[in-house]
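The block underneath contains the structure these notes are about, expressed in structure tokens.
What follows is calculated from the coordinates using simple rules that are stated; it is not laboratory data. Everything numeric in this text was worked out from a predicted model, so none of it was measured. Cβ: placed from backbone, ideal geometry, glycine included. Neighbour counts: every protein chain shown.
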Amino acid sequence: MEELVKVSNLKFKYPDGTALVFDGQEFTVNKGERVVILGPNGSGKSTLLSLLLGLLTSSEGDIHVLGVDPAKDYEKVREQIGVLLQNVDLQIIAPKVSEDISFSPRNYGYKQEEIDKLVDDILMKLEIEHLRDKVPHYMSGGEKAKVGIAGALVTKPELLILDEPFEHIDPTCRMELINLLNDVNKENGTAILLSTHNMNTVPLIADTVYLIAEGGKIVGKGSPKEIFSEIEKLSQCHVEPPILGSLFSELKKHGVNLDVSLTVEEAACSIANEMVSLKNKSGAA
């Protein structure tokens, strides 16, 4: 598979001398892959994304994004990368939504006719045509998130990087945003890399999960089901284990050995099947 992002033994030092070391194993994002960075506040999730965007420079290690060192050559690949910041208010800067969404293609030198079509297409795709002439300052958190996503996707990037995109929006908007990102990934093959500490969103948006402990150490990599099964490791990283993960861990202690379920529906089906199986065995005996 084609690697879009590769990080090895990366070290970053803050001005106060505090250091983050992203080691333990390589960190990669492949073409079309959905990757979630999971970790507690302060573990370095946002710092790692800033390093990938060339906003910060590492002191040691190797980092490549779309084949370049972002700290040196980000300009060469910036058109292929969409970004949504943690505080979307810092990203939406134009007086009108349509002007904000068109910011990147205008600065990349696109012709006005092409810009208009790109803006029309993304507004329609995200079903936010009604926001076209709105003043961003007066919009809700969910609306701002969608406008930020529209601006990130308008040039159809190969890689989309999002820092805590589900914070400060209600559950309904969160699901709309998750469905939108999955649609973009499926239809355009856009690789998605996002950070979060919200466990409930992980199985809905991830192919691969990296678990990062305090200090930046990468202590786990796997599918959501594999990561959710490591209850002790999650606790050691000060990440609250998902309730279903805890449930199936407790069931194992009582002799019920079932794979971790990612949804309530999946858990209900798995437990019901186990109960039927036990009943049949009991009847046969």
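Some notes on this structure:
- Percent antiparallel among DSSP beta bridges (both partners in the chain, rounded to 5): 50
- Bins of 5 Å from zero: percent of alpha-carbon pairs in the range 1-118: 2, 9, 17, 20, 18, 15, 10, 6, 3, 1
- Per-pair calculated FRET efficiency, R0 = 51 Å: Glu266 and Asp133 via Cβ, rounded to 0.05: 0.70
- Restricting the calculation to alpha carbons of the range 160-276 gives Rg and Dmax of 15.5, 46 angstrom.
- Residue exposure proxy: Ile227, Ile218, Ile128, ordered by other Cβ atoms within 10 angstrom of their Cβ from fewest to most, comes out as Ile128, Ile218, Ile227.
- In terms of surrounding Cβ atoms within a 10 Å radius of their Cβ, Ser50, Ser58 rank from fewest to most as Ser50, Ser58.
- When the Cα atoms of the chain are aligned to their principal axes, the ranges along those axes come out at 77, 47, 35 Å in descending order.
- With Cα atoms defining each centre, the range 63-138 and the range 157-186 are spaced 15 Å apart in the structure.
- Segment Gln112-Lys76, extension gain: residue separation times 0.36 nm, minus the distance between their alpha carbons: 10.7 nm
- Positive-pole candidate from Pro224, Ile178, Leu84, dipole of the chain, charges at beta carbon: Pro224
- Rounded to the nearest 20, the Cβ-based charge dipole of the range 3-224 about its Cα centre (Lys and Arg +1, Asp and Glu -1) stands at 240 debye.
- The amide H of Arg34, built 1.01 Å from its N in the peptide plane, has Ile192, Asp207, Thr208 as neighbours under 5 Å, considering only residues 5 or more places off or on other chains.
- Fewest-first ranking of Leu84, Leu66, using other Cβ atoms within 10 Å as the exposure measure: Leu66, Leu84
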